[in-house]
1. Of everything in segment 22-40, what is under 25 Å from ARG80 (Cα atoms) and either touching a residue at least 60 places away in the same chain (Cβ under 8 Å) or of a type in the set (Ser, Thr, Tyr) (or both)? Give them in sequence order.
2. Filter segment 133-184 down to the residues that are open to solvent by 80 Å² or more (accessible area, probe 1.4 Å), among the charged types (D, E, K, R) and either under 21 Å from LYS120 (Cα atoms) or part of a helix (DSSP H, G or I) (or both) and list them by number.
3. I'd like the full set of residues that are surrounded by 13 or more Cβ atoms within 10 Å (Cβ to Cβ) and in a loop (DSSP other than H, G, I, E, B), limited to segment 18-41.
4. Go through segment 49-71 and give me each residue that's part of a helix (DSSP H, G or I) and free of Cβ contacts under 8 Å to residues at least 24 places away in the same chain.
5. Out of ASP44, ASP62, report the one residue that is more than 30 Å from SER140 (Cβ to Cβ), surrounded by 17 or more Cβ atoms within 10 Å (Cβ to Cβ), over 14 Å from the mean Cα position of the chain (by Cα) and acidic (Asp, Glu).
6. Looking at segment 106-120, can you tell me whether even one residue there is assigned to a helix (DSSP H, G or I), among the aliphatic types (A, V, I, L, M) and out of contact with any helix residue (DSSP H, G or I) (no Cβ under 8 Å at 6 or more places or on another chain)?
7. Of the residues that make up segment 72-89, is at least one touching a residue at least 12 places away in the same chain (Cβ under 8 Å) and of a type in the set (Lys, Arg)?
8. Given the condition among the hydrophobic types (A, V, I, L, M, F, W, C), open to solvent by less than 70 Å² (accessible area, probe 1.4 Å) and not in a helix (DSSP H, G or I), answer yes or no: does some residue in segment 79-92 qualify?
Amino acid sequence: MPPNLLSILRLAGVPVFLWLLLGPHADGWALAILVFSGLTDWLDGKLARWLNQMSRLGQLLDPAADRLYIVATLVAFLLRDIVPWWAVGVLLLREGVAGICVLVLRYNRFAPPEVTYVGKGATFVLMYAFPLLLLVQGDSTAATIAAPLAYAFTIWGGVLYVWSGVLYAAQTLLAVTRDRRSRRRRAAG
């Protein structure tokens with residue numbers, strides 16, 4: 001299976017996930033889609049490298065699917081009272097900052113910022129946290145056992161996610177500042 005097809009399947013799963021979570025409250029099926037998303041996120045990158053099928057489309061689809069799942073999950077969890085509004089606000093603010101950074105970089109004719117290990121790690125941890133948070137919503141023994149892990153992964157992933165946003169903002173500011181200084185020097189010289 002081509003890696004880009006896995007990314008497209010992940011993207012197609014977002015509206016289904018939202019419907020399951022917000023419509024019939026079919027948390028088990030929504031959980032399965034989240035787990036599928038996390039597995040295919042890992043698998044599409046591995047396959048692309050293994051089959052030497054890395055492409056520009058894949059480099060755009062994979063982070064787009066990650067962002068879409070994170071935003072969709074946060075909004076759905078907010079609407080279902082799974083995550084407090086302030087936590088969702090902080091993480092969505094980070095998304096907004098990252099989006100503004102991309103626009104500023106494009107305006108200044110730079111490529112989007114490189115994905116950092118902190119950003120990859122944050123996404124990885126949140127992709128574990130979200131299914132666990134959904135699992136905690138039940139009254140089962142599994143929910144009780146998963147609760148400390150769910151909250152630990154959520155806090156850890158949230159902190160890493162915000163920190164990666166700070167790093168993207170710093171990279172953007174540094175690139176634009178250096179570029180403007182360089183232009184001024186060339187104009188003056």
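The values are calculated or read from the model by the stated rules, or taken from the named source; none is laboratory data. This is a predicted model, so every value here is computed, not measured. Quick reminder, even Gly has a Cβ in these numbers, built from the backbone with ideal geometry, and neighbours come from all protein chains shown. Accessible surface is based on the protein model in full, side chains and every heavy atom, while ligands, DNA and RNA are left aside. Shrake-Rupley method; radii C 1.70, N 1.55, O 1.52, S 1.80 Å.
1. Scanning segment 22-40 gives ASP27, ALA30, LEU31, LEU34, VAL35, SER37, GLY38.
2. Within segment 133-184, ARG178, ARG180, ARG181, ARG183, ARG184 qualify.
3. Start the filter on segment 18-41 by keeping residues that are surrounded by 13 or more Cβ atoms within 10 Å (Cβ to Cβ), which leaves 18-22, 26-27, 29-41.
ALA26 - this is the single residue of segment 18-41 that is surrounded by 13 or more Cβ atoms within 10 Å (Cβ to Cβ) and in a loop (DSSP other than H, G, I, E, B).
4. ARG49, TRP50, ARG56, GLN59, LEU60, listed by residue number.
5. Matching residue, one of ASP44, ASP62: ASP44.
6. For segment 106-120, residues assigned to a helix (DSSP H, G or I), among the aliphatic types (A, V, I, L, M) and out of contact with any helix residue (DSSP H, G or I) (no Cβ under 8 Å at 6 or more places or on another chain): absent.
7. yes
8. yes
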